[in-house]
Amino acid sequence: MTTVAPASALTRPDGSPVRVLVVDDEQMLTDLLSMALRMEGWEVRSAGSGFEALDAVKDFAPDAIVLDIMMPDLDGMSVLQRLRKQGNLVPVLFLTAKDAVADRVAGLTAGGDDYVTKPFSLEEVVARLRALMRRAGTALASEPEPILRIGDLSLNEDSHEVTRGGVEVELTATEFELLRFLMRNPRRVVSKTQILDRVWNYDFGGKSSVVELYISYLRKKIDAGNEPLIHTVRGVGYMIKAAQ
C-alpha cells in the first residue's frame, strides 16, 4: 500500500492554493525556489530586493515568505522589522550564509520563524515552509499528520521519524531528504539529475556518483532483511514502490 499526500494537499482555509513570496537578489536562486514551490501546487511570487518585497506583501498577501538576509538595498532583517511593526505576522523563513551565526540569531530574535543556511536543498525549504504554515494556521493539510507510507515503511515529515515494519530506522539528514523525495514520488522513476537538484544543495557541483552512494546507504538501512522497496531502473534512475 502506498499513501502520500498530493503535492497540492496544503491549502488556505478556503481551499485556494497557499501563497509564498520568495525574496533574494540572486535570480537563479529565486527561479529554482519558485519552480520547486510551484511543483507543490502553491502560488509563488518573487522579489529581488527588500523594497520590492514590501510592495509585494501588500499586493500578494503571502502565507509565508522566504527571505534572504543579505540584499543590496533593504536587508532581510529590516524588511522583517517593518512587517512586524505593521502588525503583519506572516511566517518568515530566512536564508542565511552558512557561517553567519550572528545573523541567524538576530533573525530569530527579530521575529523570524526559522532559517536555512546556504547552500541548501530545495526539499528542505519546502518541508520547513509546510511546517511553518501549518503551525501558524495559515494553511491546512488534508491529512492530520504529515506521514508518508509505502508498504510497511513510514516517514513523518515533521518529526523526521522513519520506521519499517514498526522498527525505527536511524537516518542522517541527507538520507532522510533522499528517502522523502523518493516517497513523495511513489512508483515514479526519478533520475540522478532530479535527485541532485531536489536533495542536494542547489549549487552542488558534485557528480552523480554521490546519488549511487546514498542509494546504497538507504538500501542497507531500509531494505536489508526485507522485501526491496528501492529499485534501480537501469539507464534511467530509481523508483520506490511497495513490495508485491
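The values are calculated or read from the model by the stated rules, or taken from the named source; none is laboratory data. Since the structure is predicted, the reported quantities are computational estimates derived from the model, not experimental observations. When we count neighbours, we look across all protein chains shown, and the Cβ atoms used for this are built from the backbone with ideal geometry, even at glycine.
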Subject >> Number of the condition not met by Ser49 [criteria: (1) more than 16 Å from the chain's Cα centre (by Cα); (2) among the polar types (S, T, N, Q); (3) under 24 Å from Arg135 (Cβ atoms)] >> reply: (3)
**OP:** Among residues belonging to the stretch 143-160 that are buried (at least 19 other Cβ atoms within 10 Å of the Cβ) and among the hydrophobic types (A, V, I, L, M, F, W, C), point out the one that is modelled with the lowest pLDDT.
**Re:** Leu148
**OP:** Please name all residue pairs, on different chains or six or more residues apart, with Cβ atoms under 9 Å, provided the first residue is in the stretch 71-96 and is within 18 Å of Gln27 (Cβ to Cβ) and buried (at least 16 other Cβ atoms within 10 Å of the Cβ) and the second residue is of a type in the set (S, T, N, Q) and modelled with pLDDT under 90.
**Re:** Gly76/Thr96; Leu95/Thr117
**OP:** Specify the residue that is nearest to the chain's Cα centre (by Cα); the eligible residues are those in the stretch 130-142 that are modelled with pLDDT of 80 or more and among the hydrophobic types (A, V, I, L, M, F, W, C).
**Re:** Ala131
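Please go through the stretch 161-175 and give me each residue that is hydrophobic (A, V, I, L, M, F, W, C) and modelled with pLDDT under 90, ordered by number.
The one that is hydrophobic (A, V, I, L, M, F, W, C) and modelled with pLDDT under 90: Ala173.
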Original post:
Considering only residues of the stretch 12-39 that are in a helix (DSSP H, G or I) and touching a helix residue (DSSP H, G or I) at 6+ places or on another chain (Cβ under 9 Å), which is surrounded by the fewest Cβ atoms within 10 Å (Cβ to Cβ)?
Top reply: Met35
Original post:
Which one of Leu229, Leu213, Leu182, Leu178 is at pLDDT 85 or above, more than 15 Å from Ser154 (Cβ to Cβ), outside the structural domain of Thr30 (by TED's automatic domain parsing) and surrounded by 20 or more Cβ atoms within 10 Å (Cβ to Cβ)?
Top reply: Leu178
**OP:** Please state which of the following conditions Arg198 fails to meet, knowing it meets all the rest: (1) under 13 Å from the mean Cα position of the chain (by Cα); (2) modelled with pLDDT of 90 or more.
**Re:** (2)
